[in-house]
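The values are calculated or read from the model by the stated rules, or taken from the named source; none is laboratory data. Quick caveat: nothing in here was measured; it's all calculated off a predicted structure. Backbone-built Cβ (ideal geometry, glycine too); neighbour counts: all protein chains shown.
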Amino acid sequence: MNLSKIGQFISRRRMAMGLTQAQLAERLNVTDKAVSKWERGKSLPDVTLFSRVAAELRVSVVELLSGELMNVVRSSNLDEAVDWDGKAAQATPLTLHRDDPADLLVSPYLFGCNLEHTRSCIYTGLSAQMVRNRKFAGKPTACEGCAIEWFPLGERGVFALDEPYTRHGEGYHMKRTLECNSVGIFNPYCGEAVGMGQHGITISQGQPYLFGMVVKTQESVKFTVSLTDRTGKNVYCRTTSVGGGDDWTRLEVELTPQAADPDADLRICWENAGYVCVGAVSLLPKDHFHGMRRDVVEAMKDLGIKVLRWPGGNFAGEFNWMDGLLPADMRAPFQSYLGLETQPHTMGYDFSEMNTDDFIALCREIGAEPFITINPCWNTPDENAAWVEYCNGDVSTPYGKLRANRGHQEPYNVQFWSLGNEFGYGHMEGDNTPAGYCQIALENGKKMLEASPGLSLCSSGPYPNKEWAEFSAKPLAGISQMISQHYYGYDPHYTDLSTVEEEYNRCMASVSRMREL
């Protein structure tokens, strides 16, 4: 391996990217002296850095280690090769060099996974929470007054949705309704049991579960919490807890069922007369990982995910990161902009089970690089810059200090950030024109770079066309090093290799065109 040749290659590529040694070092979280040694042929980047260095220099790992560029695509005229209306031109087709696959290494940053709070990805997926509508979002059920997914216990209790315990954090500007409720239950007769329950709880024999409930009462109340069969007659486990008061109080008990049941009931009841207000209910396996299922986390490890994008996707347009600074039970649900598309299995709501700290913990557990998508429609540039500072700032910064005070002393050093998601389509709120997205992305990107210089920013706008190239991609080239293009749908004719090659050529020509811009 020729260290001098590799060093000269790194130097040439760095200068071609318009970067100083100090700027490249900052992006890679190394010293400028280390970069200087690489370029002088005195040493090589650590093996764990090869992919990062290659990604920053816009080359493959093979090119980096060989010290020379390899042509992948050739075309006599890119403008003829690409029809900016999105169709491959026929006049000057592109060709591929089919190298031996064994000779090629793919950067781990080229492919990743998208962790989006949508459909059943979180509820019944990654989230370990076992209770549906645990924060009582939406309208109450007809006649009964109980929250959706819950049923009343007792014959003479009076139910109604009441003043919420859940709330949104700072920076919440979205126009949504019916997100925040509590369930109020009035028992007019002492000695008669009232309460609430939920069907369809899957439990395992001998598995300990952590039950939590936030309540507010007129006086001290003795609560009984049970896991039973569907009829309520066979009790798998039961415990009691005394609590309550004029202010919200969180009660916690452990339940270990003596039998398994895929369709058990969770039942909460009491016999005190008076008014009880329930703000949130929680049921988790005791071995959960930051509120996530251990088996799913292990499966994600097995997948070998190297880049994990969060919180989406479409859901990024509904997410307010500052809600995550509240305790999990207190975070208000998010009502989806397109509930039937993105949250059809949870009544159109996400229940805010994961925050930034949880996501970073997940990435570290599975060995993935975090890739965060901001909400440029509803969060301001200052609020998104604060998110960057929370992740990357040291304790001398306001949000870096806040992170440290929450138990995370060292910066998370999140390198990859997406400037929104799929702007240019009707399913995303905000300005859906290339020029409009560009203006929003520029305002946010500049503020984010002020908070943490050297970020790798990714634009995510409409499909490539001439207007997109001129009014979005080109103006963003000064701050955005990456472009995210999303294609959906399955076409059986893609099984034809020539068609795949044609699509590949068209995409590669788009990339080459962007480099020219």
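Listing for the model above:
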| read-out | value |
| --- | --- |
| Residue ID - surrounded by the fewest Cβ atoms within 10 Å (Cβ to Cβ), chosen from residues in region 261-304 that are among the hydrophobic types (A, V, I, L, M, F, W, C) and outside any strand (DSSP E or B) | LEU303 |
| Tally, over region 36-61, of residues that are at pLDDT 90 or above, part of a helix (DSSP H, G or I) and of a type in the set (D, E, K, R) | 2 |
| Test: residue in region 196-205 that is touching a Cys at 6+ places or on another chain (Cβ under 9 Å), among the hydrophobic types (A, V, I, L, M, F, W, C), closer than 26 Å to PRO333 by Cβ and in a loop (DSSP other than H, G, I, E, B) | no |
| Spans of helices (runs of 4 or more DSSP H) in region 341-459 with at least 3 residues without any contact (Cβ under 8 Å) to a residue 60 or more places away in the chain | 356-366, 398-405, 434-451 |
| Odd one out for ARG12, checked against (1) charged (D, E, K, R); (2) surrounded by fewer than 16 Cβ atoms within 10 Å (Cβ to Cβ); (3) farther than 18 Å from GLY67 by Cβ | (3) |
| TRP468 vs. criteria assigned to a helix (DSSP H, G or I) and more than 21 Å from GLU26 (Cβ to Cβ) | yes |
| Identity of the residue in region 145-168, of a type in the set (A, V, I, L, M, F, W, C) and assigned to a loop (DSSP other than H, G, I, E, B), that ends up farthest from ILE185 (Cα to Cα) | ILE148 |
| Matching residues, region 193-225, being polar (S, T, N, Q) and more than 15 Å from ASP263 (Cβ to Cβ) | GLN207, THR217, GLN218, SER220, THR224 |
| Matching entry among TYR172, TYR109 (being within 28 Å of HIS290 (Cα to Cα) and at pLDDT below 90) | TYR109 |
| Members of region 227-260 found to be of a type in the set (D, E, K, R) and surrounded by 15 or more Cβ atoms within 10 Å (Cβ to Cβ), listed by number | ARG250 |
| Selection count, region 35-59, where residues are closer than 16 Å to LEU3 by Cα and of a type in the set (Asp, Glu) | 2 |
